[in-house]
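Data first, discussion second: the structure below is written as structure tokens.
The values are calculated or read from the model by the stated rules, or taken from the named source; none is laboratory data. Just so it is clear, the structure is predicted and the values come from calculations on it, not from any experiment. Because the Cβ atoms are built from the backbone with ideal geometry, glycine has one as well, and the counts that use them run over all protein chains shown.
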Amino acid sequence: MNKTPLYEKHESLNGKIVDFGGWALPIQYQSIIKEHLAVRNSAGLFDVSHMGEILISGEGALDFVQNIIANDITAIENNQVLYTPMCYENGGIVDDLLVYKLSDSEFLLVVNAANTDKDFDWLNANKTGHVQITNVSNDYAQLALQGPNAQEILQRLTSFDLNEIKFFHFNPKVNLDGTDAIVSRTGYTGEDGFELYLPPRAAPKLWDSILEEGKDLGVAPIGLGARDTLRFEVALPLYGHELSKDISPLEARLSIFTKLDKENFIGKQALQKQKQEGVKRKLIGIELIDKGIARAQAQIEHGGRQIGFVTSGSFAPSLNKSLAIGLIDKEYAEQGSNIEIVVRNRKIVKLVVFA
């Protein structure tokens, strides 16, 4: 398994290490629920150094990025971040990613860890103009500090005024405890916070400094288990679950990030056709009425007929409810619809809470 620069830190904190897509990462340090609530109520520190980073540079970079993503890169300025799907010709999703605009000729793409090689190959296969495509994942460690106390904790480690970094903006060079880092006001938890990109050799020291400086404000190291429940609780999509090559951004409720009115992008024609004909499936939120947890791929039924499947399901610690996200036939995606999910060969009645 690959190890991040923080592997020894996780071991010293008694993190439960698992194989996560070929990476040795902590699933938890204490209970997942405690870690989840720590982020909601104070702050949590995540090692997300397994994420991929791909640099697009050159005089044709802007046009290339505009063609490869579904969102509109011309809508943002330097030092802004854009969330976007990246699609196949048939409208299915290659990946969802963040695009950091450094300049009109330089963009940093942050991609899902398991998709890094696939994304890199896809970008090269569709290369146009005078651009360079470089996998720079080994140049970065990535930490995420999330929660209501995140800014106060991080501010203790820099003289730079973090109030200057607005939501989905970044500063490419902030000195944090003696190390220059990209500081981005983004995250995957539904809380305010920052994602920090820095040289791998500097990551262990910054990790220790954040935990030490934030001790009195309740900061805690957080594993992948709570990272998933946090994103799930606020309905943030996960590739391989809510998003895939077989699910379009329109089905995944990402229309706001899919600009069908821009001149062109890979997948536009297929998505225009899908919109004109009407989306047949839709992601919906589900609250379980009966006891149980509906896990991914559990069958969703109505009147004894399968109408879809669960994409993600879990207990939501902040809400004290068992919830699920499902992809179902659009005709059944109505507020308050009663549907059934098959869990361990028994049917549990559920209630659609948003459609």
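General observations
- Of the residues in segment 199-220, none is in contact with a Pro (Cβ under 7 Å, 6 or more places away or on another chain) and under 30 Å from ALA324 (Cβ atoms).
- Strands (runs of 3 or more DSSP E) wholly inside segment 265-355 containing at least 2 residues that are of a type in the set (A, V, I, L, M): 281-288, 305-316, 321-329, 338-343, 346-354
- Qualifying residue in segment 46-62 (condition: surrounded by fewer than 17 Cβ atoms within 10 Å (Cβ to Cβ), modelled with pLDDT of 95 or more and outside the structural domain of VAL110 (by TED's automatic domain parsing)): no
- The sole residue among VAL65, VAL99, VAL81 that is free of Cβ contacts under 8 Å to residues at least 40 places away in the same chain, of a type in the set (A, V, I, L, M, F, W, C) and buried (at least 17 other Cβ atoms within 10 Å of the Cβ) is VAL99.
- Unmet criterion (only one of (1) β-branched (Val, Ile, Thr); (2) under 28 Å from VAL18 (Cβ atoms); (3) buried (at least 21 other Cβ atoms within 10 Å of the Cβ)) for VAL183: (2)
- Within this structure, ALA38 passes the test of being more than 19 Å from the chain's Cα centre (by Cα) and more than 23 Å from ASP117 (Cβ to Cβ).
- Matching residues in segment 189-237 - criterion: being under 22 Å from the mean Cα position of the chain (by Cα), among the β-branched types (Val, Ile, Thr) and either closer than 21 Å to SER137 by Cβ or surrounded by 16 or more Cβ atoms within 10 Å (Cβ to Cβ) (or both): THR189, VAL219, ILE222, THR229
- Filtered by the rule that a residue be without any contact (Cβ under 8 Å) to a residue 40 or more places away in the chain and farther than 16 Å from ASP208 by Cα, segment 1-21 gives MET1, LYS3, ILE17, ASP19.
- Checklist (1) touching an Asp or Glu at 6+ places or on another chain (Cβ under 7 Å); (2) crowded, with 24+ Cβ neighbours inside 10 Å; (3) not hydroxyl-bearing (Ser, Thr, Tyr) applied to GLU242, failing item: (1)
- When the criteria are applied in full, LYS262 meets the requirement of being part of a loop (DSSP other than H, G, I, E, B), modelled with pLDDT of 95 or more and over 20 Å from LEU230 (Cβ atoms).
- Long-range neighbours under 8 Å by Cβ, at least six apart or interchain, first residue under 20 Å from VAL136 (Cβ atoms) within segment 30-53, second of a type in the set (S, T, N, Q) and modelled with pLDDT under 95: HIS50/ASN2
- Residue that is nearest to LEU236 (Cα to Cα) [pool: residues in segment 67-123 that are among the β-branched types (Val, Ile, Thr) and in a loop (DSSP other than H, G, I, E, B)]: ILE69
- Residues of segment 340-352 satisfying the condition of being under 28 Å from the mean Cα position of the chain (by Cα) and either buried (at least 16 other Cβ atoms within 10 Å of the Cβ) or at pLDDT 80 or above (or both): ILE341, VAL342, VAL343, LYS350, VAL352
- Residues that are surrounded by fewer than 19 Cβ atoms within 10 Å (Cβ to Cβ) and among the basic types (Lys, Arg) within segment 10-45 comprise LYS16, LYS34, listed in sequence order.
- None of THR128, THR134, THR116 is over 24 Å from ASN175 (Cβ atoms), surrounded by 18 or more Cβ atoms within 10 Å (Cβ to Cβ) and hydroxyl-bearing (Ser, Thr, Tyr) except THR116.
- Look at (1) at positive phi; (2) in contact (Cβ under 8 Å) with a residue 40 or more places away in the chain and you find that LEU254 fails only one, number (1).
Conditions (1) not hydroxyl-bearing (Ser, Thr, Tyr); (2) not assigned by TED's automatic domain parsing to the domain that holds VAL39, marked per residue:
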residue: TYR197; (1), (2): no, no
residue: ALA202; (1), (2): yes, no
residue: GLU212; (1), (2): yes, no
residue: VAL219; (1), (2): yes, no
residue: ALA270; (1), (2): yes, yes
residue: GLN274; (1), (2): yes, yes
